[in-house]
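My questions will all concern the structure given below.
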Amino acid sequence: MNPRRTVGVLIVIVLAAWMTIPTDACTCFFLSHDGAKAVGKNYDWMMSDGLVIVNKRHLRKPFDIVPTEDTAYWTSTYGSVTFNQYGRNLPQGGMNEAGLVIEILWLNGTEYPPEDERRALGAGQWIQYQLDTAGSVDEVIASFDSLRIQAQVQTHFFVADEHGETASIEFLQGRLVCHRGESMPARTLTNSTYEESETYLRTHQDWGGEAPLPESNSSLDRFVRATTLVRDYEPTENNTPTDYTFEVLKRVAQENDTQWSIVYDLNHLQIHFLTSESRKIKLLDLKELDFSCSTEVKIVDIDLNTGGNIRPQMSRYTREANRDLIGRSYGGTSFLSSLPEDVLDRIASYPDHSNCVE
């Protein structure tokens, strides 16, 4: 069998197993106050392993995991920092130097559009593509004219940019459903459709209903709690937007499941994060990073046991580091642990097919 097809088929089978993921996973929201703009994200999952990766500008990347002579490529316009658990170029989220943030969340009932003439990308590839090529929410949405997501994993996406624009992107009954602007009055996303979540919000006190602020960790209750807490933010000298965003993340965290808590400061192009394994808040300032593709790619273990600016602790990316992460993450995920080693090798080699075009 063609090796490209073998990998593709096996990945589809693996992703189909993700249908068993519970719905009480992940929370994302946008905080805006007096010019300050921040995105908060809790990544709720079964392990904390991950690499934080500096992705370069002007890097030519293939659409296929195992390229052939017919493979198409894209070239990155922007550098970015991403959070990767299942391999480089297949991130769970991140921010680029234009101030665009994209995060992925689970959504049962997702149904992607059927095959058509548009080029297809997997969900993680799609995130990397957008961070590489888009500088705004408008550009992300416009890209669906020529791109589609093809995956078994059921997800929706939260997108924000430095201009304060946000959007939820969902695929329901084979159609793109996008909420933004006036159709996105609550700039929060959990694990229910945006429409269902916003309707539920309106049944609560101060939102048009009578129900009190909920405290459970269900998807809908986290949506209400995060949205209400963001609305009620009152800054003080000792309560900056970043501090408060972490506080909201704490209020919607799930014991034993929240692995990463990330705050994207869109005003200053800074990323702050902590993990379940390392509670010290770490910082990366995108303005301090070298995004030239003529220089080596830098990475750092997401569970690095230090706080503050971690740029000095970043090290050179190697295929071995990527393969090690993939081995630990796939091996530590019950429904992925039986994936053949040669397939993991090919996924680990995917970034090797990129080249600098500066």
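Each value in this text was obtained by applying a stated rule to the coordinates, not by laboratory testing. These numbers come from a predicted model, not from an experiment. All Cβ positions, even for glycine, are placed from backbone atoms using ideal geometry, and neighbour counts span all protein chains on display.
Mind giving me the FRET efficiency for residue 355 and residue 309? R0 is 30 Å, r the Cβ-Cβ distance, nearest 0.05 is fine.
Efficiency computed from Cβ-Cβ geometry: 0.45.
Kindly rank 340-346, 267-273 from highest to lowest mean number of other beta carbons found within 10 Å of each residue.
Most protected by this proxy first, the peptides run 267-273, 340-346.
Students often check this: by mean Cβ neighbours within 10 Å, which of 105-112, 25-32, 227-234 ranks highest, and how do the rest follow?
Ranking the peptides 105-112, 25-32, 227-234 by packing returns 25-32, 105-112, 227-234.
Report the calculated FRET efficiency for residue 267 and residue 111 (r = Cβ-Cβ distance, R0 = 56 Å), to the nearest 0.05.
0.95
Applying a 10 Å radius around every beta-carbon, put 149-157, 123-131, 64-72, 275-283 in order of their mean neighbour count, most first.
The most tightly packed comes first, giving 123-131, 149-157, 275-283, 64-72.
Starting from the Cα of residue 210, step 7 Å along the direction of its Cβ; do the same at residue 279; then give the gap between the two resulting points in nm.
Each label point is offset 7 Å from its Cα along the Cβ direction, giving 4.1 nm.
With n ≥ 4 as the cut-off for DSSP H runs, can you work out [θ] at 222 nm for the chain, using -39500 (n - 2.57) per run divided by the number of residues, rounded to the nearest 500?
Rounded to the nearest 500, the figure is -7000 deg cm²/dmol.
Need the C-alpha centroid separation for segment 34-77 versus segment 274-290, integer Å.
17 Å
If I model segment 3-356 as equal point scatterers sitting on the Cα atoms and use the Debye formula, what is log10 I(q)/I(0) at q = 0.07, 0.08, 0.10 Å⁻¹?
Taking Cα atoms of segment 3-356 as identical point scatterers yields -0.27, -0.35, -0.56.
On to the next question. Roughly speaking, what is the stretch gain from residue 60 to residue 255, that is 0.36 nm per residue apart minus the C-alpha to C-alpha distance, in nm to one decimal?
66.1 nm
Ok, one more. Which FRET efficiency value, to the nearest 0.05, do you get for residue 195 and residue 73 by plugging their Cβ-Cβ distance into 1/(1 + (r/R0)^6) with R0 = 35 Å?
Efficiency, rounded to the nearest 0.05: 0.45.
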